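S.K.: My questions all concern the structure below.
None of the figures in this text is laboratory data; all of them are computed from the coordinates on show. No experiment lies behind these values; they were computed from the predicted model shown. We place every Cβ from the backbone using ideal geometry, glycine too, and count neighbours over all the protein chains shown.
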Amino acid sequence: MNNAFGVVIVAAGKGTRMGTAESKQYLPLQGKPILIHTLETFERMTEASEIVLVVGAHDVERCRTAAASGGLTKVRVVAGGAERQHSVLAGLKALSPGIEWVLVHDGVRPFVKPEHVLACWQEAMRSGAAVLAVPVKDTIKVVDDSGIIRDTPERRTLWAIQTPQAFRRPLLTEAHEAALRDGVLGTDDAMLVERLGAKVRVVEADYTNIKITTPDDLAWADWYVTRGAGQE
Ligand SMILES: Nc1ccn([C@@H]2O[C@H](COP(=O)(O)OP(=O)(O)OP(=O)(O)O)[C@@H](O)[C@H]2O)c(=O)n1
Ligand SMILES: C[C@](O)(CO)[C@H](O)COP(=O)(O)O
């Protein structure tokens with residue numbers, strides 16, 4: 001089916017780096033949990049035919065209730081795993097059999113723009129796999145354990161990778177099952193697909209599609225939504 005995609009939103013993390021008692025995906029942003037902002041973006045997109053929301057096992061019931069009361073009719077909620085990768089695989093398994101294209105997105109990236117989601121999916125349909133990304137602005141160094149710089153990679157080759165990450169569904173499932181079998185843990189989905197030798201293309205997005213990770217990200221997110229920029 002080339003006129004629609006399925007979405008896996010991963011939100012089963014503990015938010016250790018945020019350091020709050022409540023996991024960061026449930027913290028309020030302009031009166032609404034961060035995760036609800038993210039879900040609403042995909043719920044509104046006609047091209048997104050279903051959304052599998054992956055949360056911690058103890059959060060499944062409250063998220064089902066929140067999705068139903070918030071009118072999120074495309075959302076189905078399942079339990080995730082210990083690592084992000086395990087949560088993605090749980091989400092993939094829960095997608096309907098007919099879904100051919102899948103977009104994996106972090107629940108804590110609430111500012112992704114629909115036009116970038118579509119651009120990512122369209123590039124994946126052209127080439128098989130695509131991820132949103134932005135060119136790195138700083139000079140990046142490789143530093144060893146004693147704090148000595150060992151290398152300065154050429155900056156024009158460096159991109160900061162975001163989500164969504166879009167794949168033909170069987171390719172992503174194969175990549176995740178192979179990683180599980182081989183005991184490999186990746187920090188994103190593209191890494192696992194790259195391991196199979198498949199090409200993944202980057203699609204340039206914008207710097208506002210941040211992953212809310214630490215308290216300074218939350219302060220920026222509050223400022224961004226307050227000035228209305230998250231809603232355009
Ligand atoms: N076992 C896990 C770990 C992470 N995630 C999700 O993956 C996304 C990106 O992960 P990250 O920002 O690292 O979230 P946490 O793991 O919650 O944060 P931390 O590493 O600080 O604990 C988040 O939406 C998070 O909820 C998940 O679904 N399942
Ligand atoms: C998938 C990701 O958001 C791409 O930037 C990122 O790699 C997740 O990493 P984390 O270790 O879960 O923060």
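S.K.: Hey, how many Å between the Cα centroid of the stretch 155-232 and the Cα centroid of the stretch 3-24?
M.R.: 12
S.K.: Something else now. Kirkwood hydrodynamic radius for the stretch 5-231: how many Å is it when counted over pairs of different Cα atoms? Numbers along the way, then the final one.
M.R.: On the way: mean 1/r = 0.0551 Å⁻¹.
After inverting the pairwise mean of 1/r, the radius is 18.1 Å.
S.K.: Short version: what are the Cα gyration tensor semi-axes of the stretch 141-232, square root of 5 times each eigenvalue, largest first, in whole Å? Display every interim value, and only then the final one.
M.R.: Numbers: eigenvalues 160, 101, 40 Å².
In descending order, the three semi-axes are 28, 23, 14 Å.
S.K.: In debye to the nearest 20, how big a dipole does the stretch 5-231 give about its Cα centre with +1 on each Lys and Arg Cβ and -1 on each Asp and Glu Cβ? Provide the component values of the computation, followed by the final result.
M.R.: Working: 27 positive and 28 negative charges, 47 e Å.
With only Lys, Arg, Asp and Glu charged at Cβ, the dipole is about 220 debye.
S.K.: State the antiparallel share, in %, of DSSP beta bridges confined to the chain, rounding to the nearest 5.
M.R.: Values: 14 of 35 bridges.
Antiparallel bridges: around 40 percent, rounded to the nearest 5.
S.K.: Would you work out the relative contact order for the chain, in percent, from Cα pairs under 8 angstrom that are 6 or more residues apart?
M.R.: On the way: 422 pairs, mean separation 53.9, N = 232.
Across the chain, relative contact order equals 23 percent.
S.K.: Output the Cα-based Rg and Dmax of the stretch 96-194 in Å, rounding Rg to one decimal and Dmax to a whole number.
M.R.: Calculated on Cα positions, Rg and Dmax stand at 16.0, 51 Å.
S.K.: Relative contact order for the stretch 14-125: what percent, with Cα pairs under 8 Å and sequence separation of 6 or more? It would help to have the intermediate numbers written out before the result.
M.R.: Numbers: 112 pairs, mean separation 30.3, N = 112.
After rounding, I find 27 percent.
S.K.: Mind ordering 125-137, 211-223 by average Cβ neighbours within 10 Å, highest first? Kindly include the intermediate steps, with their values, before the conclusion.
M.R.: Values: 125-137: 17.7, 211-223: 15.2.
Top of the packing list down: 125-137, 211-223.
S.K.: Separate question: What does the convex hull of the alpha-carbon atoms of the stretch 44-114 project to on average, in nm²?
M.R.: On the way: hull surface 20.4 nm².
Mean shadow area of the hull around the Cα atoms is 5.1 nm².
S.K.: Using per-residue counts of other Cβ atoms within 10 Å, averaged over each peptide, order 151-161, 106-116 from highest down.
M.R.: Working: 151-161: 11.7, 106-116: 20.9.
Answer by packing, highest mean first, reads 106-116, 151-161.
S.K.: Mean separation of Cα pairs under 8 Å and 6+ residues apart, divided by the residue count of the stretch 72-147: what relative contact order is that in percent? Please list the in-between numbers first.
M.R.: Numbers: 23 pairs, mean separation 10.8, N = 76.
Reported as a whole number, the value is 14 percent.
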